[in-house]
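Structure first, then comments.
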Amino acid sequence: MSPMTEEYKRYLASDQWRQTRLRALAYHGGWCAVCGKTRRLQVHHLRYYDESGRSILGHEKMSDFRILCKKHHPKGRYSDSAIRRDRTSLAYANALVRVSNWGLWLLLLPFRLGYRLLRLCLRRKRPAP
């Protein structure tokens with residue numbers, strides 16, 4: 001199904017969708033499945049048809065949804081495995097940033113301590129007025 005058919009647009013405007021959306025948010029948690037953000041959330045359909053090719057709109061299971069923030073909710077196909085891959089990639093990048101921040105801090109630590117020691121020594125050597 002092209003995601004923006006007339007049937008799909010009507011469904012997204014219905015009270016049934018609003019209730020389904022709220023249930024999906026409660027079921028999957030109120031955070032993006034990729035980055036964990038809790039703002040600007042959208043409910044993403046993993047599929048629109050069942051195995052026999054019939055539309056599942058209005059009859060979705062909670063496993064047919066993922067919660068994504070607006071940044072990570074593409075308009076088009078985004079599979080469960082792609083969501084997991086992106087979540088893993090983002091977690092790896094965040095861990096790398098944390099490690100590099102600690103590495104930079106440890107690298108600069110001797111210079112910071114040396115600077116403090118130098119300031120302390122200079123304060124003590126000043127003659128009294």
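The values are calculated or read from the model by the stated rules, or taken from the named source; none is laboratory data. Everything quoted here is computed from the prediction, not taken from an experiment. Don't worry about glycine lacking a Cβ; one is built from the backbone with ideal geometry, like all the others, and counts go over all protein chains shown. The accessibility values were calculated without ligands, DNA or RNA, using every heavy atom of the protein model including side chains. Shrake-Rupley method; radii C 1.70, N 1.55, O 1.52, S 1.80 Å.
Scanning the stretch 17-55 for residues that are touching a residue at least 40 places away in the same chain (Cβ under 8 Å) and part of a strand (DSSP E or B) returns HIS45, TYR49, SER55. Put simply, of GLY58, GLY114 the only residue that is touching a Phe, Trp or Tyr at 6+ places or on another chain (Cβ under 7 Å) and either farther than 27 Å from ASP15 by Cα or not in a helix (DSSP H, G or I) (or both) is GLY58.
Name the single residue, out of those in the stretch 99-129 being of a type in the set (Lys, Arg) and modelled with pLDDT of 75 or more, that is farthest from ALA33 (Cα to Cα). Out of the qualifying residues, it is ARG123. Search the stretch 72-99 for residues being under 28 Å from ASP15 (Cβ atoms) and of a type outside the set (Phe, Trp, Tyr), and hand back the single one that is least open to solvent (accessible area, probe 1.4 Å). Looking at the filtered set, the residue picked out is ILE83.
Checking the structure you have, find out if any residue of the stretch 100-121 is open to solvent by 60 Å² or more (accessible area, probe 1.4 Å) and closer than 23 Å to TRP17 by Cβ. No, the stretch 100-121 contains no residue that is open to solvent by 60 Å² or more (accessible area, probe 1.4 Å) and closer than 23 Å to TRP17 by Cβ.
Just the residues that are surrounded by fewer than 14 Cβ atoms within 10 Å (Cβ to Cβ) and touching a helix residue (DSSP H, G or I) at 6+ places or on another chain (Cβ under 8 Å), please, taken from the stretch 28-64. Break it down into steps so the answer makes sense when it comes.
Residues of the stretch 28-64 that are surrounded by fewer than 14 Cβ atoms within 10 Å (Cβ to Cβ), as a first pass: 29-30, 36, 38-40, 49-54, 58-59, 61-63.
Listed by number, the residues that qualify are GLY58, MET62.
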